[in-house]
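Read the figures in this text as sums done on the coordinates, not as results from a lab. Keep in mind that what you see is a predicted model, and the values were worked out from it rather than measured. Heads up, the Cβs are rebuilt from the backbone with ideal geometry, glycines too, and the neighbour counts pull from every protein chain shown.
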Amino acid sequence: MVEHRFPNTKPLADHSLDDDSYLDYFYDIPGSMPGTLNIESDASPPIIVLIDYNEAQAVRQEVETPEECVPFLDSESVSWVDVKGLGSEDILRRLGQVFSLHPLVLEDIVNVPQRPKIEEYDDQLLIIARMVTMKSSGSGFVSEQVSLILGRHYLLTVQEEPEYDCFGPIRERLRTGKGTIRKQGADYLAYALLDSIIDGFFPVLEEYGEKIEELEDEVVSNPSRQTLEKIHSVKRELLGLRRAIWPQRDAINALIRDGNDLISHEVNIYLRDCYDHAIQVLDMVETYRELTASLMDVYLSSISNKMNEIMKLLTVISSIFIPLTFIAGVYGMNFDPSKSPLNMPELEWYWGYPACWAVMLTTAFGLVYFFWRRGWFENLSTVVTKDTASGKHLPHSLMRR
């Protein structure tokens, strides 16, 4: 993992699930100057997209400089300025000047990752959220910070990465005028984006639900070292999802409870639905975490049962061959029958050798019959998976809740 160090901060890294950075939050070294911006060297250059709309129309344009947004900020229409990428300190500082951002607001926007939160300023409302999307490869997810600065007639959003985004349906509704979004103000747009961020957790959790189902089958039928690594990986990733959604739920709840002059009563009601979705996401995350923890127990039980199967099989084989070994050992002694009539007289019998085999086979089959009657050969595996040949299914206690 490549780390980029800055004078006043902890090491920064790519916030993907290739490392443990998704479990961390940004922090400054004690005593550093407030408002310091620390930008990663590999951060994407900012792309600024402006969507200005009213009930009649919506205009979308990509602007080169933040100053081009100034004429739209005081108009009666709603302006959504979407900034993707944090790779230019100059553009970000100019953006702060255009929107009159407090230095601490700009610091929270740029120095990622921050804990999701809601902060009120004179005429602005800062919302820090975590947005998760599945990787294009289909394995794992990407967690990035989205900052929303709500003004009276505008909304400024700043994203870490330009590649991952769940705002496509919102842009389409603005373009086509479907629904009531173009009839509402900037606060409704902020709600719509926040709701889209929360709803973006559901497809990710659906993928993890399928992973857990596959792990349930694997841990019962054929557990291995790789299975244990997969369970551990899923546990850590679910912990990352929990750390992303838990503070967002609290932040939305605080916004609903305390209210804000920039949020109308009607939009405040919509935020309750957003809060309800956050609760559902958190419940799903907690359920999956419990299932994953139980998978670890099932894995240990499966390994123990597999060892018991092996020991039982070896015990059966040993129990059969112990008397046979005894008989073979007795007749392997070098006593000369010609010296004494008590020295194994059966060695000189005409049917002595077949009689010995008959006794050994009778003993072996007798033990096998005895073990069979005792039920030793039944249910050698105490953990039964679905048998595609016989159509048997998992016990209900092991089926997914």
Worksheet entry | Sites excluded, GluC sites (Glu not before Pro) in DSSP loops with at most 15 other C-beta within 10 Å, longest stretch of the chain | 164-377
Worksheet item: Given H placed 1.01 Å from N in the peptide plane, which residues other than close sequence neighbours of Gly87 have an amide H under 5 Å from its amide H?
Response: Ser44
Worksheet item: For the residues His277, His102, what sequence is obtained by ranking on other C-beta atoms within 10 Å, fewest first?
Response: His102, His277
Worksheet, complete the sentence: Quick note on Ile48, Ile256, ordering by fewest other C-beta atoms within 10 Å, gives Ile256, Ile48
Worksheet entry | Rounded to whole Hz, the Karplus (6.51, -1.76, 1.60) HN-Hα couplings of the range 191-199, x for glycine and proline | 4, 4, 5, 5, 5, 5, 5, 5, 5
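Within the range 329-382, report the trypsin sites (Lys or Arg not before Pro) that DSSP leaves as loop and that have at most 10 other Cβ atoms within 10 Å.
Numbers: sites: Lys339, Arg373, Arg374; in loops: Lys339.
Answer in residue order: Lys339.
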Worksheet item: Which entry is the computed mean projected area of the Cα convex hull in nm² for this structure: (1) 23.8; (2) 17.5; (3) 31.8?
Response: (3)
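Helix-derived [θ] at 222 nm for the chain: sum -39500 (n - 2.57) over DSSP H runs of at least 4, divide by residue count, nearest 500?
That calculation yields -16500 deg cm²/dmol at 222 nm.
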